[in-house]
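Data first, discussion second: the structure below is written as structure tokens.
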Amino acid sequence: MRSTLVLLKRELTGYFATPVAYVFICIFLLLCGILTFYLGSFYENGQATLGPAFFEFHPILYIVLIPAISMRLWAEERKQGTIELLMTLPVTLPQLVISKFAAAWIFAGIALALTFPLWLTVNYLGDPDNGVIVASYIASWLMAGGYLALGACISAITKNQVIAFVLAVIVSLCFLIPGLPQVAGFLESTLHSETLVEVVRSFSFMTHFGAISRGVIDLRDLIFFASLIGVFLFMNAIVIELKKAD
Amino acid sequence: MGAMIEIQNLQKRFGDITAVDGVSFDVDRGEVLGFLGPNGAGKSTTMKMLTGFLPPSGGTARVGGHDITSDALAAKRLIGYLPEGAPLYPDMTPEGFLAFIAEIRGYRGAEVRARVDDVVQKVQLQKVMRQPIETLSKGFKRRVGLAQAILHDPQVLVLDEPTDGLDPNQKHEVRGLIRSMQKDKVIILSTHILEEVEALCSRVIIIAGGKLVVDCTPAQLAAKSKWHNAVRVEIPKTESARVGASLADMFGSAAVEQLATEDDDVSLLVSTKERRSILSEISQRAQSEKWKLDGLHVEHGKLDEVFRELTRPTVAN
Ligand SMILES: Nc1ncnc2c1ncn2[C@@H]1O[C@H](COP(=O)(O)OP(=O)(O)OP(=O)(O)O)[C@@H](O)[C@H]1O
Ligand SMILES: [Mg+2]
């Protein structure tokens, strides 16, 4: 546990050692603002809530932003050869995998938390259901964890950060698209089976994020994201074990 | 309890390549083991297995009685390791990096500072402690790598080419540092510099093509050379018969060997069975008999020669 915390601390301070973290946070906030105010028609909505206008775009925002965080996690370590240093220290592989993921997740959480002025704004403009907003924030953060675990696992496959980024975007899309309302009709017409469509849709971030972001916390959605994180981190460890020597 | 390091029939295959092919040896406390071998011999791969980075394809490595795969944490605690090329985190400062290493090695609070200060003193890093590692010169980077390896005063120190790319002064310093630590420790270092082996090591292992070919002391290794203390006499062709006869008279005809001749010059190599120093005897004789000498050299081939002889055939295939 202590080792995990030491590793986590190093990872997390690493984000702020270079301007990259600040640039990332700025871009994140900027995109959040643009999407919310322009595309999400924040004002026209007439409702004092962050729901549809703000959170609705997170699954799409994360498609590009989360791989930007996750791409370097292992790829950089392998490229620099520091993985050899790391893995000959008295730490275990699960400790390494978890600490890297946790640091990235905390970092994503910091970026997300910095959108709080929007929250203040809706409270200033009206009288929103703050419980729903808190639930939505938690849901968004959980979903970010899912994207991150996926991205971390992919980052372990290659030494090239650009490849890690592109692959993570593609795989994330695969987890997003089945849940989009736009493809619902297509799925039904190709699969010809209600159950199959349900199964495919149940793997989508969209499906599970939608409900929680509307304030409906269903245990199944939480379990979905938690197990997604678990499975990808487990795969991450296996990939590292297999690829570390290359 | 057995030796500090016990390596038995260690093997590593990468696909079709067999990088390490059944290497076995033990190392005890107090020994400084020089690990030699041509490029691609499998030195780094052996070290990576010994330090627990790579799982062996076969065989076992034990450190302080702990198997490096089944009891990895206990083994890794005993080891300080400088990987080949001294990989480091470029964005960190030596200060931050060494504090991280101290914490991960289990030191807390004031101990962290104390360990870092101590090791910084040893490798002379004071001036660059707050500079990002990527901006350091190669020598300083290597010192940071060395510092992280010795920070917890490990019982087993594994150094993969610790002086590679350092200037002569820094090489000298690093050697001094290694020498100062050798007591009660196992030190294994790989190098391509043969004088380093003579200067530092109590034992030499040469591997070639993944196999162990020699395991002895540096002196024994040097003594394997027929060139040891031999003298090369260069003379014009016209002189060769007279000088050859005279040398044969002094040391016996078996001691004189005619090397490849070029143009009008002849080289005679004179060596004694006991490989004693014979330069002065020969130069006295040369003066008294007024040889027309073109050159008189004591051969310094020694370890290089033995190294080449031992490793060349395996490299070829
Ligand atoms: N990850 C890997 N995948 C495939 N082959 C590898 C890998 N690592 C090492 N090898 C091969 O194993 C052999 C031994 O390599 P190793 O790095 O151990 O040599 P070395 O003795 O350290 O050489 P050098 O003196 O050049 O450092 C080489 O043929 C090398 O190409
Ligand atoms: Mg090597």
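The values are calculated or read from the model by the stated rules, or taken from the named source; none is laboratory data. Keep in mind the model is a prediction, meaning the values are calculated, not measured. So basically every Cβ, Gly included, is an ideal-geometry build from the backbone, and we count neighbours across all protein chains shown. Protein only, heavy atoms only, side chains kept; ligands, DNA and RNA dropped before computing areas. Shrake-Rupley method; radii C 1.70, N 1.55, O 1.52, S 1.80 Å.
Hey, can you tell me all the residues within segment B:18-68 that are within 13 Å of chain A (Cβ to nearest Cβ), crowded, with 21+ Cβ neighbours inside 10 Å and within 20 Å of B:D184 (Cβ to Cβ)?
Once the filter is applied, which keeps residues that are within 13 Å of chain A (Cβ to nearest Cβ), crowded, with 21+ Cβ neighbours inside 10 Å and within 20 Å of B:D184 (Cβ to Cβ), segment B:18-68 yields B:L50, B:T51, B:V63.
Can you tell which of B:L136, B:L151, B:L125 is within 27 Å of B:E31 (Cα to Cα) and either away from chain A (no Cβ under 14 Å) or in contact with a helix residue (DSSP H, G or I) (Cβ under 7 Å, 6 or more places away or on another chain) (or both)?
B:L151
Return a yes/no flag: does segment A:192-201 have any residue that is farther than 26 Å from A:V97 by Cβ and under 19 Å from the mean Cα position of the chain (by Cα). Full working, then the answer.
First pass over segment A:192-201, keeping only residues farther than 26 Å from A:V97 by Cβ: A:192-201.
Add one more test, that the residue is under 19 Å from the mean Cα position of the chain (by Cα), and what stays is A:201.
Checked against the condition, which is being farther than 26 Å from A:V97 by Cβ and under 19 Å from the mean Cα position of the chain (by Cα), segment A:192-201 yields at least one hit.
Considering each residue of segment B:183-203, count those that are closer than 19 Å to B:G22 by Cβ and β-branched (V, I, T), and give that number. Talk me through it step by step, then tell me what you get.
At the first step, the residues of segment B:183-203 found to be closer than 19 Å to B:G22 by Cβ are B:188, B:190.
Within this subset, residues satisfying the condition of being β-branched (V, I, T) are B:188.
The number of residues fulfilling the criteria is 1.
Which numbered condition trips up A:K243, out of (1) within 16 Å of ligand 1 (Cβ to nearest atom); (2) more than 14 Å from chain B (Cβ to nearest Cβ)?
Of (1) within 16 Å of ligand 1 (Cβ to nearest atom); (2) more than 14 Å from chain B (Cβ to nearest Cβ), only one is false for A:K243: (2).
Hey, can you tell me all the residues within segment A:70-87 that are more than 7 Å from chain B (Cβ to nearest Cβ) and either free of Cβ contacts under 8 Å to residues at least 40 places away in the same chain or of a type outside the set (V, I, T) (or both)?
Step one: list which residues in segment A:70-87 are more than 7 Å from chain B (Cβ to nearest Cβ), which gives A:70-79, A:83, A:86.
Correct list: A:S70, A:M71, A:R72, A:L73, A:W74, A:A75, A:E76, A:E77, A:R78, A:K79, A:L86.
Any idea how many residues of segment B:24-43 are of a type in the set (A, V, I, L, M, F, W, C) and in contact with a helix residue (DSSP H, G or I) (Cβ under 6 Å, 6 or more places away or on another chain)? Let's see the steps before the verdict.
Quick first cut of segment B:24-43, residues of a type in the set (A, V, I, L, M, F, W, C) only: B:25, B:27, B:32-33, B:35-36, B:41.
Those left that are additionally in contact with a helix residue (DSSP H, G or I) (Cβ under 6 Å, 6 or more places away or on another chain): B:32, B:35.
Residues meeting the conditions: 2.
Output the helices (runs of 4 or more DSSP H) that fall wholly within segment B:9-107 and possess 1 or more residues being more than 16 Å from ligand 1 (Cβ to nearest atom) and more than 21 Å from B:L212 (Cβ to Cβ), or say none. Talk me through it step by step, then tell me what you get.
Numbers: elements: B:43-50, B:72-78, B:94-104.
The helices (runs of 4 or more DSSP H) meeting that bar are B:72-78, B:94-104.
Report, ordered by the first and then the second residue, all pairs with beta carbons closer than 9 Å, sequence separation of six or more or different chains, a first member in segment A:14-25 that is more than 10 Å from chain B (Cβ to nearest Cβ) and open to solvent by less than 70 Å² (accessible area, probe 1.4 Å), and a second member that is not hydroxyl-bearing (S, T, Y) and not in a helix (DSSP H, G or I).
If the second residue must be not hydroxyl-bearing (S, T, Y) and not in a helix (DSSP H, G or I), the pairs left are A:I25/A:L114.
With respect to B:A102, determine if the residue is crowded, with 20+ Cβ neighbours inside 10 Å and aliphatic (A, V, I, L, M).
Details: crowded, with 20+ Cβ neighbours inside 10 Å: yes; aliphatic (A, V, I, L, M): yes.
Yes, satisfied.
If you go through segment B:256-268 one residue at a time, do you hit one that is hydrophobic (A, V, I, L, M, F, W, C) and either closer than 30 Å to B:K43 by Cα or open to solvent by 70 Å² or more (accessible area, probe 1.4 Å) (or both)? Spell out how you get there, then give the answer.
As a first pass, look at segment B:256-268 and keep what is hydrophobic (A, V, I, L, M, F, W, C): B:256, B:259-260, B:266, B:268.
From the residues that got through so far, the ones that are either closer than 30 Å to B:K43 by Cα or open to solvent by 70 Å² or more (accessible area, probe 1.4 Å) (or both) too are B:260.
There is at least one residue in segment B:256-268 that is hydrophobic (A, V, I, L, M, F, W, C) and either closer than 30 Å to B:K43 by Cα or open to solvent by 70 Å² or more (accessible area, probe 1.4 Å) (or both).
For residues in segment B:45-71 being over 15 Å from B:I187 (Cα atoms) and of a type in the set (S, T, Y), which is farthest from ligand 2 (Cβ to nearest atom)?
B:S70
Residues checked against (1) in contact with a Gly (Cβ under 6 Å, 6 or more places away or on another chain); (2) farther than 17 Å from A:R72 by Cβ:
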position: A:A102; (1), (2): no, no
position: A:A111; (1), (2): no, no
position: A:F116; (1), (2): no, yes
position: A:P128; (1), (2): no, yes
position: A:W141; (1), (2): yes, yes
position: A:S155; (1), (2): no, no
position: A:T158; (1), (2): no, no
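How many of the residues in segment A:92-112 are open to solvent by less than 10 Å² (accessible area, probe 1.4 Å), within 14 Å of chain B (Cβ to nearest Cβ) and within 30 Å of B:V63 (Cα to Cα)?
Looking only at that region, the number is 3.
Which pairs turn up if I take residues in segment B:143-169 that are over 22 Å from B:G52 (Cβ atoms) and look for partners that are surrounded by fewer than 19 Cβ atoms within 10 Å (Cβ to Cβ) with beta carbon separation below 6 Å, at least 6 apart in sequence or on another chain?
These pairs meet every condition: B:G165/B:K138; B:L166/B:G139.
How many residues, within segment B:272-291, are part of a helix (DSSP H, G or I), surrounded by 14 or more Cβ atoms within 10 Å (Cβ to Cβ) and of a type outside the set (A, V, I, L, M)?
Here is the first cut: in segment B:272-291, the ones part of a helix (DSSP H, G or I) are B:279-288.
Right, trim to surrounded by 14 or more Cβ atoms within 10 Å (Cβ to Cβ) and you get B:279, B:281-283, B:285-286.
From what is left, the residues that are of a type outside the set (A, V, I, L, M) are B:281, B:283, B:285.
So the count comes out to 3.
Could you look through segment B:5-17, keep only residues that are open to solvent by 10 Å² or more (accessible area, probe 1.4 Å) and in contact (Cβ under 8 Å) with a residue 40 or more places away in the chain, and pick out the one that is farthest from the chain's Cα centre (by Cα)? Break it down into steps so the answer makes sense when it comes.
Step one: list which residues in segment B:5-17 are open to solvent by 10 Å² or more (accessible area, probe 1.4 Å), which gives B:6, B:8-9, B:11-17.
Among the residues that remain, those that are also in contact (Cβ under 8 Å) with a residue 40 or more places away in the chain are: B:6, B:8-9, B:11-13.
Details: B:E6: 20, B:Q8: 21, B:N9: 22, B:Q11: 21, B:K12: 22, B:R13: 24 Å.
This residue is B:R13.
So which residues in segment B:292-307 are open to solvent by 80 Å² or more (accessible area, probe 1.4 Å) and modelled with pLDDT under 80, if there are any at all? Break it down stepwise before answering.
Filtering segment B:292-307 down to residues open to solvent by 80 Å² or more (accessible area, probe 1.4 Å) leaves B:292, B:294, B:300.
The answer is B:H300, and nothing else.
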